[in-house]
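**Q** Pasting in a structure now, in C-alpha cells, and then I'll have a few things to ask.
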Amino acid sequence: MLGMLGGGQLGRFFVISAQKMGYQVTVLDPDKNSPAGKIANLHLCANYNDIGALKKIIQSCLAITTEFENIPATTLKFLEKDLIVRPSSDPVSIVQNRIFEKSFLKDNNFPVGPFVIISNIKAIDLVTDEMYPAILKIAQFGYDGKGQAYINNQKELISAFENFGNKPCVLEKKLVLDLEISVVLARGHDGSKINFPVVENQHVSGILDISIVPARVNKDLCNEAIRYAELVASKLNYIGVIAVEFFVSKGRIYVNEVAPRPHNSGHYTIDACDFNQFDLQVLTLTGNAIKSPVLKSNAVMVNLLGDRWFKNNQLNQPNFDLFKNVPNETLHIYGKNEARSGRKMGHFTLTGDNLNILLARAEEIKTLL
C-alpha cells in the first residue's frame, strides 16, 4: 500500500500507474468526490493535518508521496518519522513558498529574473522604477495564475499588496519572453537522474494552455535547461518526480518556478512515451531502478478548462464524440464533479510526426469543442 496526499488529477494518474504495477493506494483528501479518491483502494476523507487520518496512513502504508506543493510541510515531517516520504519535507517546504524558492535559486547561482521580496508595506518604498512592469505573486498557496497581479507602478503595487491581505509576496520583473519551456525530471534515492524531453509551453491567463513536444528550441538551450533541472534536484536532495519551468528571454534562460511533483506539461508522456511521469513517480517512491523514457512520437497536449462546459451561461457537456475511434487523438477527463471557470477538467493529446499538422489540428479541435 502506497499513500498519496492529495486527490486531484495528478493523484488520479498516480493511482492508475501504481495499480497497474500491482500496488494498492490510499488517498488522503478532504473532498469526498476527489478524482483520485474515487479510484483509490482506500480514500481517507480528512484534512491534511488530521492526526487520526495520518496515523491510519502510518499503519497501512509503506511509502508516501504528494500531488501538489501546498500540503503542509508539518504533515510531511509527521509522516517521515515512521515512513518513507518522497519528496521529503525539506525540499517541499522550500518550493511551496515563493520567497524561499527564489532565495534558494539566487543563493545557488541559478539564473533568475530580477525580483524583490515584499514582506510588508514598507518594502514597497525600496522598489525602483526599473522593476516595472512586474508581476506580484503571493508567497504561498498561489497556483494557475491565482494569487498574481500585473503591476505597472507603485500605486498599483500598493493596491495589489493590500488586496492580497498584506501577506508576504514576491515582485518579479516582467521579462520580454521568446517562449516558455519546462523539464520534467526523476531523481532516485541513489542520486540517479533521468529526464523527459524538453517541453515548450503556451499559457493563457497564467494557466497552461498548450504543450508542444519536443520544444522548438536549439539543442544547446535544451541541454542547458536539463542541466539546470538536474542541479535543482540535486541541490534540493530531491527524491521523486520534479518539474522545473523556465523563461527564455532574448535567447537567455531563466528559472521561473519549481514544482515538487509531476507536472501538467508532462501529461503528454501518458500517450507519447513508453512510460510516463506517473510511472516514474511510483518507481522513485518505491526505490526501484529508473531508466530513460523513449519518446515514441511528437506530441501536442491541450488543457480543457471548465469554461468549455458553459455555453450562453448554461452548463453543457462539450461534444467529445469527435475523439471516438480517431487514432493518435486521446481524450483524458479527470472525473471532477463540477465544472468551473479556470478549473482543469481534462486534456487531450495528439501524437504524430509533424508538429505543424498537430498544432493545426489542436486548434481545430478547440474550435469544435
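**Q** What are the pairs, 6+ residues apart or on separate chains, where a residue within the range 61-75 that is farther than 18 Å from N97 by Cβ has its Cβ under 6 Å from a residue that is open to solvent by 30 Å² or more (accessible area, probe 1.4 Å) and not in a loop (DSSP other than H, G, I, E, B)?
**A** As it stands, the answer is A63/I84, since those pairs meet every condition given.
**Q** Another question, if that's okay. Kindly list the number of the only condition in (1) more than 22 Å from N49 (Cβ to Cβ); (2) buried (at least 21 other Cβ atoms within 10 Å of the Cβ) that fails for V85.
**A** Answer for V85: the failing condition is (1).
**Q** Follow-up question, since we're still on this one. Residues in the range 201-212: is at least one buried (at least 18 other Cβ atoms within 10 Å of the Cβ), out of contact with any Cys (no Cβ under 7 Å at 6 or more places or on another chain), outside any loop (DSSP other than H, G, I, E, B) and among the polar types (S, T, N, Q)?
**A** yes
**Q** Take the range 1-19 and flag every residue that is open to solvent by 10 Å² or more (accessible area, probe 1.4 Å) and touching a residue at least 60 places away in the same chain (Cβ under 8 Å).
**A** Taking the range 1-19 and keeping what is open to solvent by 10 Å² or more (accessible area, probe 1.4 Å), we get 1, 8-10, 12-13, 16, 19.
Of everything in the range 1-19, those that are open to solvent by 10 Å² or more (accessible area, probe 1.4 Å) and touching a residue at least 60 places away in the same chain (Cβ under 8 Å) turn out to be M1, G8, Q9, L10, R12, F13, I16.
**Q** Which residue, of T26, T65, T75, is crowded, with 21+ Cβ neighbours inside 10 Å, within 30 Å of F247 (Cα to Cα) and within 22 Å of the chain's Cα centre (by Cα)? Quick ask: steps written out before the conclusion?
**A** Working: T26 fails: within 30 Å of F247 (Cα to Cα); T75 fails: within 30 Å of F247 (Cα to Cα).
Within the list T26, T65, T75, the selection yields T65.
**Q** Do we have D321 as open to solvent by 90 Å² or more (accessible area, probe 1.4 Å), touching a Ser or Thr at 6+ places or on another chain (Cβ under 8 Å) and farther than 22 Å from F13 by Cβ here? Quick ask: steps written out before the conclusion?
**A** Numbers: open to solvent by 90 Å² or more (accessible area, probe 1.4 Å): yes; touching a Ser or Thr at 6+ places or on another chain (Cβ under 8 Å): no; farther than 22 Å from F13 by Cβ: yes.
In short, no.
Each row is one residue, and each column tells you yes or no for (1) in contact with a Phe, Trp or Tyr (Cβ under 7 Å, 6 or more places away or on another chain); (2) polar (S, T, N, Q); (3) within 16 Å of P260 (Cβ to Cβ).
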residue	(1), (2), (3)
G6	yes, no, yes
K55	no, no, no
F68	no, no, yes
L79	no, no, yes
P91	yes, no, yes
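**Q** Among the residues of the range 125-174, which ones are aromatic (F, W, Y) and either surrounded by 19 or more Cβ atoms within 10 Å (Cβ to Cβ) or farther than 30 Å from T269 by Cβ (or both)?
**A** Answer for the range 125-174, where residues must be aromatic (F, W, Y) and either surrounded by 19 or more Cβ atoms within 10 Å (Cβ to Cβ) or farther than 30 Å from T269 by Cβ (or both): Y132, Y150, F161, F164.
**Q** Ok, one more. For residues that are open to solvent by less than 20 Å² (accessible area, probe 1.4 Å) and either of a type in the set (A, V, I, L, M) or assigned to a loop (DSSP other than H, G, I, E, B) (or both), scanning just the range 92-113, find the one that is farthest from Q148 (Cα to Cα). Give the steps one after another, and end with the answer.
**A** Taking the range 92-113 as the starting set, the residues that turn out to be open to solvent by less than 20 Å² (accessible area, probe 1.4 Å) are 92, 95, 97, 101-102, 105, 110, 113.
Narrowing the set further to residues that are either of a type in the set (A, V, I, L, M) or assigned to a loop (DSSP other than H, G, I, E, B) (or both) leaves 92, 95, 105, 110, 113.
On the way: V92: 21, V95: 17, L105: 20, F110: 23, G113: 16 Å.
Restricting to residues being open to solvent by less than 20 Å² (accessible area, probe 1.4 Å) and either of a type in the set (A, V, I, L, M) or assigned to a loop (DSSP other than H, G, I, E, B) (or both), the top hit is F110.
**Q** Still on this structure: For the range 142-149, state whether one or more residues are closer than 24 Å to L177 by Cα, out of contact with any Gly (no Cβ under 7 Å at 6 or more places or on another chain), modelled with pLDDT under 90 and of a type in the set (F, W, Y).
**A** Kept after step one, since they are closer than 24 Å to L177 by Cα, are these residues of the range 142-149: 142-149.
Checking the rest, the ones that are also out of contact with any Gly (no Cβ under 7 Å at 6 or more places or on another chain) come to 142-143, 146-147, 149.
Going one step further and asking which of them are modelled with pLDDT under 90, we end up with 142-143, 146-147.
Narrowing the set further to residues that are of a type in the set (F, W, Y) leaves 143.
Yes, because at least one residue in the range 142-149 is closer than 24 Å to L177 by Cα, out of contact with any Gly (no Cβ under 7 Å at 6 or more places or on another chain), modelled with pLDDT under 90 and of a type in the set (F, W, Y).
**Q** Ok, one more. When you go through R308, R252, R261 one by one, which is the residue that is basic (K, R), touching a Pro at 6+ places or on another chain (Cβ under 9 Å), modelled with pLDDT of 95 or more and buried (at least 16 other Cβ atoms within 10 Å of the Cβ)?
**A** Within the list R308, R252, R261, the selection yields R261.
**Q** Now for a separate question. Take the conditions touching a strand residue (DSSP E or B) at 6+ places or on another chain (Cβ under 6 Å) and surrounded by fewer than 19 Cβ atoms within 10 Å (Cβ to Cβ) and apply them to L177. Does it pass? Steps first, answer last, please.
**A** Details: touching a strand residue (DSSP E or B) at 6+ places or on another chain (Cβ under 6 Å): yes; surrounded by fewer than 19 Cβ atoms within 10 Å (Cβ to Cβ): yes.
Yes.
**Q** Sticking with this one: Could you tell me which numbered condition Y150 fails, if it satisfies all but one of (1) within 18 Å of the chain's Cα centre (by Cα); (2) hydroxyl-bearing (S, T, Y); (3) outside any helix (DSSP H, G or I)?
**A** (1)
The values are calculated or read from the model by the stated rules, or taken from the named source; none is laboratory data. Small disclaimer: the values here were computed from a predicted structure and weren't measured. Neighbour counts run over all protein chains shown; Cβ positions are idealised from the backbone, glycine included. Side chains are part of the model used for accessible areas, which takes the heavy atoms of the whole protein and leaves out ligands, DNA and RNA. Shrake-Rupley method; radii C 1.70, N 1.55, O 1.52, S 1.80 Å.
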